[in-house]
2 protein chains.
Amino acid sequence: MSAWRIALAQVNPTVGALAENAELLLRAAQAAAARGAQLVAFPELALAGYPPEDLVFKPHFLSDAAAELRRLAAALPPALLVIVGYPEADDGKIFNAAAVLHGGAILATYRKMLLPNYGVFDEQRLFTPGAKPLVLEAAGVRIGLHICEDSWVLHGAPCRRLRGAGLDLLLNVSASPYHHRKLALREGVLRQMGQHLRAPVAYCNLVGGQDELVFDGASLLLAADGRELARARQFEEDLLLIEVTPAGGAKPELNPDQVDVVQWPGPAAAGGDAWPAPRLEPVLDATAEVYAALKLGLRDYVEKNRFREVVIALSGGIDSALVATLAVDALGAARVHGVTMPSRFSSQDTFSDALLLAQNLGIECRTLAIEKLHQTYLEELAVCWSGRAPDATEENLQARIRGNVVMALSNKFGWLVLTTGNKSELATGYCTLYGDMAGGFAVIKDVPKLLVFELARWRNRQGGGAAIPPSTVERPPTAELRANQKDCDSLPPYDVLDPILERYVERDWPAEKIIAEGCAPACTRLDPRGG
Amino acid sequence: MSAWRIALAQVNPTVGALAENAELLLRAAQAAAARGAQLVAFPELALAGYPPEDLVFKPHFLSDAAAELRRLAAALPPALLVIVGYPEADDGKIFNAAAVLHGGAILATYRKMLLPNYGVFDEQRLFTPGAKPLVLEAAGVRIGLHICEDSWVLHGAPCRRLRGAGLDLLLNVSASPYHHRKLALREGVLRQMGQHLRAPVAYCNLVGGQDELVFDGASLLLAADGRELARARQFEEDLLLIEVTPAGGAKPELNPDQVDVVQWPGPAAAGGDAWPAPRLEPVLDATAEVYAALKLGLRDYVEKNRFREVVIALSGGIDSALVATLAVDALGAARVHGVTMPSRFSSQDTFSDALLLAQNLGIECRTLAIEKLHQTYLEELAVCWSGRAPDATEENLQARIRGNVVMALSNKFGWLVLTTGNKSELATGYCTLYGDMAGGFAVIKDVPKLLVFELARWRNRQGGGAAIPPSTVERPPTAELRANQKDCDSLPPYDVLDPILERYVERDWPAEKIIAEGCAPACTRLDPRGG
């Protein structure tokens, strides 16, 4: 009866890239084995990537995944026990499964029992739930296996069936996406589950950006009493090395109607004393965490979609400044291009700020004035307007000309266009469809304007001096689509607007309740810019 | 013991418009009562509209729906029994329910037991399943109640629990969207269910366009032996008047653990002999059915989103010709505007065809040549290209200029832009993002090119002469974005491409299987236009 050495392999696979992902898992498992690991756990659906969505309805995707799993099993060090999430097809059903690989073969498979079907999750659309948890048993050590949601329902079946099972460890493999304050929420849930099962909890989470989602990693080991023993890095691939020690004493007999039990000879003797003490990475502060999430989401969208370079329209305002800074931090200055597109309504101040930002960031930046194009449109369209007064049409036209220019640069050079709209303006419609909304990835679409300011100030306080010109941070926001325009001509001040949006969009409050809380009714009568 | 007179009220509500929908239901119920109906059935979720999606997660939407239901119950003729679908909130759960209204109150509620969660359906995300079917019993007549999916699973719980219940009628209230060949599929399913339960089946379906979906109506009465006794119109609101006659003989006792039973005094004596014989509307042929579905989807998108007029870019090609014809058939010529936007690559033939089409349809049409705008872009952007050869960039630019022009018309006049891309070009990427894809509603996005031709020819054979110029139908398809361009320069011929797309997109076949069936491998190496 000895301790097991376990590596929680917090990897960053790509949805659908089965062969690439298998290669990634193989390399991580080999590295863990070289360090002395006896068991390597990968995140939920690590072989397929998460979320696989309707890909799992393609029969050839499922058969390809099964073939890659067999190839991986054969290629792994045979003494290693490896847990790999993959989509399992069986008898016309599809399961969110974790295969237990050993000795070149699939020793057992656990099927996720609780399928989340809310928020970003659609698993009941994709998968059939499993019936029983799995217990790995060898050499006096019992490890119970859960997949993500299984551990989130305290008295759900996956929990009830492991209660009293004499576990030495609950191992949860997850693909749990980041949102604001998620880390504390998640640790609280796992702590409660571990205390309920009277077992330590090892948690292996996915990391990486995948389309709209960002997985934050932060894999974890909690003691049975809830103490944090080890934590992997947030927002980066990592290998967290932990140890599970048998509690000793007699184990209760397990009822095969309640749990599947996999017994196996157990790991080979651990190789010496090189196994490190548990590593507890510090947690990023709230602003740094959001910045890291945005940076990772941006980087992985670019990389996983195989773009080499990006282009950003720089207005001299804070949104495009933050996006450009994130892009440089994520990709390096050499892969980022700026373009300024001044019109008659652009001020010298914003134009200078755009150039200064590019200079601070060290990115290539070109200027393409849109004045002549705008004038040509106005002349050509005049015959259609038959004397109507200028309105949002002329404003939107400028944004759409800029959209055309950045898309032309994208087509000609293969650059991905990053759009710069924040959540406050997107939620109120203060933006132009097919104009500033035109592009491939909306970096800060889920960031309210007040948080944009906070992130910019935070980034300017980091090493290397202020990348974002102070005047960009201090200037009252303006779209510069007509003379002397300010956002607050059409919208409430952002310190009024953002709390309203949070209540309406995130909490589903009705207008009456928001007003009752103290916002003036006028605040809720928004005057979107149109488009 | 006498027959019940039932009206299947095939109505067209709008998602979220609770007060408007309640008014619509009230008027339909009053009209049915005036004809002598004793029971009026409305479709699934008729009060909320279908699909309500995440609206049901807003607590105030649910409480507003409950309030509207109570107001409706109080306003209805008190002797009438009325079945109304609505989202029911109870103890933190949400049900897809049908309320039974009578005497100014809610007599009972049935909760949908089988929640579809595939294809266009996400009901397991939204609703909790009900536990028991409902039987309405009065004056010797037994009617079992199902909601949509409940009748689609032959040995599912809603079916098993009504088997042997001695029903005189199974009443299914549905929101079943149209797709190609859906009518025969649906009638087959209902016929099987009725034969299994040994009861006639009355089926009340929703009608109308709602965003991406079109509900086709075609409410139905099948005899217990499967014969079609009555059918309402397809793609139109309708009131189908039917009668249920008690089978006579002793009824089996019902087990309240298996079904909920609502007993009530039964309908007042039927008012005379004015009740009509069952009406069996003929079924549209396959092409007419698709045309009617597209027309209804277009009309309702415009109306439900409160647009008054639409604008369409007319290229002289068959896609825009079909869309314009559909728009005129749906909205009338006075509400439809055309705009032709020739460039240096537009031929005199296509330009003439566009004008002739507008003339045939009697729609206002303006011409706005994009030559000067295109030239200005090329000159302004030349500095960026640094001598690179022309490629898809210059082609996409023209499409994007046209996109800007139609969006400017939309902004200035409030017209909805109808886009004209067909399924074949959208599936292969043979279109321009933010160019010809820019607009508010993509009328034929789910129509493959071969079907576009078939629909155009079919429409030209209808009364009033050929609206679409014969030369538009006969000309080989071209995007006219470079000199002498033809679709078949970049794509396989459509009679090769469309069958490939059907297998790949609709049937999830892998490339190998499509090739093995006889398509040359070259067919699958598509060369999308980019963008």
- Among A:LEU416, A:LEU426, A:LEU397, A:LEU433, which is more than 30 Å from A:GLU303 (Cβ to Cβ) and hydrophobic (A, V, I, L, M, F, W, C)? A:LEU397
- Give the residues of segment A:434-447 that are away from chain B (no Cβ under 13 Å) and of a type in the set (Gly, Ala, Ser), sorted by residue number. A:ALA442
- Query: Quick check: anything in segment B:51-72 within 18 Å of B:VAL207 (Cβ to Cβ) and either over 28 Å from the mean Cα position of the chain (by Cα) or modelled with pLDDT of 95 or more (or both)?
  - Reply: yes
- May I ask you to verify whether A:ALA184 is aliphatic (A, V, I, L, M), at pLDDT 95 or above and in a strand (DSSP E or B)? no
- Do any strands (runs of 3 or more DSSP E) lying entirely in segment A:207-305 carry at least 1 residues that are small (Gly, Ala, Ser), and which ones are they? A:207-210, A:228-231
- Item | Boolean, A:GLY85 is modelled with pLDDT of 95 or more, under 25 Å from A:TYR301 (Cα atoms), within 22 Å of the chain's Cα centre (by Cα) and surrounded by fewer than 24 Cβ atoms within 10 Å (Cβ to Cβ) | no
- Are any of the residues in segment B:356-366 surrounded by 18 or more Cβ atoms within 10 Å (Cβ to Cβ), touching a helix residue (DSSP H, G or I) at 6+ places or on another chain (Cβ under 9 Å), within 14 Å of chain A (Cβ to nearest Cβ) and farther than 30 Å from A:VAL406 by Cβ? yes
- Task: Determine if segment A:122-130 includes at least one residue that is in contact with a Ser or Thr (Cβ under 8 Å, 6 or more places away or on another chain) and away from chain B (no Cβ under 14 Å).
- Result: no
- Is segment B:89-100 home to any residue that is within 14 Å of chain A (Cβ to nearest Cβ) and of a type outside the set (A, V, I, L, M)? yes
- Qualifying positions in segment B:400-453 - under 21 Å from the mean Cα position of the chain (by Cα) and of a type in the set (Phe, Trp, Tyr): B:PHE441
- Message: I need the full set of residues from segment B:418-433 which are surrounded by fewer than 24 Cβ atoms within 10 Å (Cβ to Cβ) and within 12 Å of chain A (Cβ to nearest Cβ), in order please.
- Response: B:LEU433
- Number of the condition not met by A:ARG388 [criteria: (1) more than 20 Å from B:ASP436 (Cα to Cα); (2) of a type outside the set (A, V, I, L, M); (3) buried (at least 21 other Cβ atoms within 10 Å of the Cβ)]: (3)
- Message: Every residue in segment A:1-35 that is assigned to a loop (DSSP other than H, G, I, E, B) and modelled with pLDDT under 95, please.
- Response: A:MET1, A:SER2, A:ALA3
- Restricting attention to segment A:421-431, does a residue exist that is more than 27 Å from B:GLU395 (Cβ to Cβ) and among the β-branched types (Val, Ile, Thr)? yes
- Note on the structure: Of all helices (runs of 4 or more DSSP H) fully inside segment A:450-531, the set with 2 or more residues that are surrounded by fewer than 17 Cβ atoms within 10 Å (Cβ to Cβ), away from chain B (no Cβ under 14 Å) and modelled with pLDDT of 85 or more is A:470-474, A:487-490, A:494-501
- Counting only residues in segment B:368-417 that are facing another protein chain (nearest Cβ under 7 Å) and among the aromatic types (Phe, Trp, Tyr), the one nearest to B:VAL311 (Cα to Cα) is identified as B:TYR377
- Query: Inside segment A:107-120, can you point out the residues that are touching a residue at least 12 places away in the same chain (Cβ under 8 Å) and touching an Asp or Glu at 6+ places or on another chain (Cβ under 8 Å)?
  - Reply: A:ALA108, A:THR109, A:TYR110, A:ARG111, A:LYS112, A:MET113, A:LEU114, A:LEU115, A:PRO116, A:VAL120
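The values are calculated or read from the model by the stated rules, or taken from the named source; none is laboratory data. Everything numeric here is computed off the predicted structure, so don't read it as measured data. Please note: Cβ atoms are built from the backbone with ideal geometry, for glycine as well, and neighbour counts cover all protein chains shown.
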